[in-house]
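Colleague: Pasting a structure below so you can have a look.
Nothing in this text is a laboratory measurement; each read-out follows from the coordinates by a stated rule. Keep in mind it's a predicted model, so treat the numbers as computed, not measured. Here Cβ is always computed from backbone atoms with ideal geometry, including for glycine, and neighbour counts include all displayed protein chains.
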Amino acid sequence: MKKIILIASFTALLGTSAMSQKVYQTKTGQISFDATGTCAEAIKGTNNQVDSKFVDKTGQIVFSVLIKGFKFANGLMEDHFNENYMESSKFPKADFKGFITNISAVNFAKDGTYDATAKGTLTIDGKSKEITVPGTITIEKGKPTIKATLNIPLKEFIHGSYIGTQISDNAKTTVVCKYE
């Protein structure tokens, strides 16, 4: 009988612990990039359909984006991006999976802006690389917003003969996700 009570108590404790963590999510995050090089035209794309989730207690975080969701001012540039550089039919998504390493520094009960660092694996065009990204988490009325800016070295992820000439070596990339 004591074993049953002990197991039931342990199970209840685990259930309470699991319930005390919150999973935040959005499907309307934004990723934009600027890879303008020596080309006469700006090479900028924006995607407003970023799917992201993160867990407040563990800091586990995931971003996923459909490559064909990036929009450009020039339709022909959008076609070249999808067909010639990103192979979006073959690799339709890019993602980041990792952890916010200092999640314990964020007070989800208090409005404010907190420095955050995410560490994990970025996968683009079928190629994966471990990265560390500095950013911020802003808490407003109990809801977090994550912002980060990073430079993605294009030659490490995508192919294309103009990288480093007409297209910048790095895509300055900004991520903004408001979570529910």
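Colleague: When the Karplus curve 6.51 cos²θ - 1.76 cosθ + 1.60 is applied with θ = phi - 60°, which whole-Hz ³J(HN,Hα) does each residue of region 163-173 get, with x for Gly and Pro?
Modeller: Values per residue, Gly and Pro as x: 5, x, 10, 7, 10, 4, 5, 10, 9, 6, 10 Hz.
Colleague: Still on this structure, I have one more. For residue 60, what residues show an amide H to amide H distance below 5 Å, using hydrogens built from the backbone and excluding near sequence neighbours?
Modeller: 55, 100
Colleague: Subtracting the Cα-Cα distance from 0.36 nm times the residue separation, let me have the gained length for residue 138 to residue 84 in nm, one decimal.
Modeller: Result for the pair: 15.7 nm of gain on full extension.
Colleague: For a protection proxy built on the mean count of beta-carbon atoms within 10 angstrom, sort 38-47, 23-32 highest first, please.
Modeller: Peptide ranking by packing, descending: 23-32, 38-47.
Colleague: Given the Cα-Cα distance of residue 159 and residue 97 and 0.36 nm per residue of separation, how much length would full extension add, in nm?
Modeller: This chain segment gains 20.1 nm when fully extended.
Colleague: Another question about this same structure. Given points 7 Å out from each Cα along the Cα-Cβ axis, report the residue 147 to residue 104 separation in nanometres with one decimal.
Modeller: 2.7 nm
Colleague: Check the straight Cα-Cα distances from residue 110 and name the lysines below 17 Å, setting aside those fewer than 8 residues away within the same chain.
Modeller: Those lysines meeting the cut-off are 22, 57, 141, 143, 178.
Colleague: In what sequence, highest mean first, do 154-164, 100-110 appear when ranked by Cβ atoms within 10 angstrom?
Modeller: 154-164, 100-110
Colleague: What angle, in degrees between 0 and 90 and rounded to the nearest 10, separates the Cα long axis of helix 2-19 from the longest principal axis of the Cα atoms of the chain?
Modeller: For 2-19 against the chain, the angle is about 30 degrees.
Colleague: Which aspartates and glutamates, on any chain, are close to residue 155 with Cα under 13 Å apart, when same-chain ones fewer than 8 places away are left out?
Modeller: Output for residue 155: 125, 169.
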